[in-house]
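As C-alpha cells, the structure follows; a few thoughts come after it.
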Amino acid sequence: MSDLLTLFTQAQADIKTLAERPDNQVLLQLYALYKQATAGDASGERPGMMDFVNRAKFDAWDKLKGQSTETAMQTYVDLVTKLLAE
C-alpha cells in the first residue's frame, strides 16, 4: 500500500497543476474519492435541501459507501492521470 499512498499523495499535488478546472461532476467525483480514501464511509447528517453544495458533496461521498480505502485511492489516481492526459 505504500506505493499506492505515494501515488495518491502525488495525484493530490498533480491535480493542482491542471490547465483547466474540471467540471463540477468531476470535482464531485474527486472530492468523494478523496473523502472515501481518507475518512472512510460518509458519516454525519445529510445537509439540508438549501445547502446545495454540501448536500451534493455528501451525496457523492455517500454513493461510495463500502468501497475500500485502496480502491478509492486507486480510482482517484486513475482519474487524475486521465485528467492530466487530456
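Numbers at a glance
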{"read-out": "Principal-axis tilt of helix 52-62 within the chain, Cα atoms, nearest 10 degrees", "value": "70 degrees"}
{"read-out": "Angle between the chain longest axis and helix 24-39 axis [Cα atoms, degrees, rounded to 10]", "value": "90 degrees"}
{"read-out": "Tilt relative to the chain, helix 69-85 - C-alpha long axis, 0 to 90 degrees, to 10", "value": "60 degrees"}
{"read-out": "Contour excess over end-to-end distance, with Cα ends at Lys63 and Lys16 and 0.36 nm allotted per residue", "value": "14.4 nm"}
{"read-out": "The chain, dipole about Cα centre (Lys/Arg Cβ +1, Asp/Glu Cβ -1), debye to the nearest 20", "value": "180 debye"}
{"read-out": "Per-pair calculated FRET efficiency, R0 = 25 Å: Thr81 and Gln25 via Cβ, rounded to 0.05", "value": "0.90"}
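Each reported figure results from applying straightforward, stated rules to the coordinates on display, with no laboratory input. Owing to the predicted nature of the structure, the values given are computational and were not obtained by experimental measurement. Methodologically, a virtual Cβ is constructed for each residue, glycine included, from the backbone with ideal geometry; neighbour enumeration extends over all protein chains shown.
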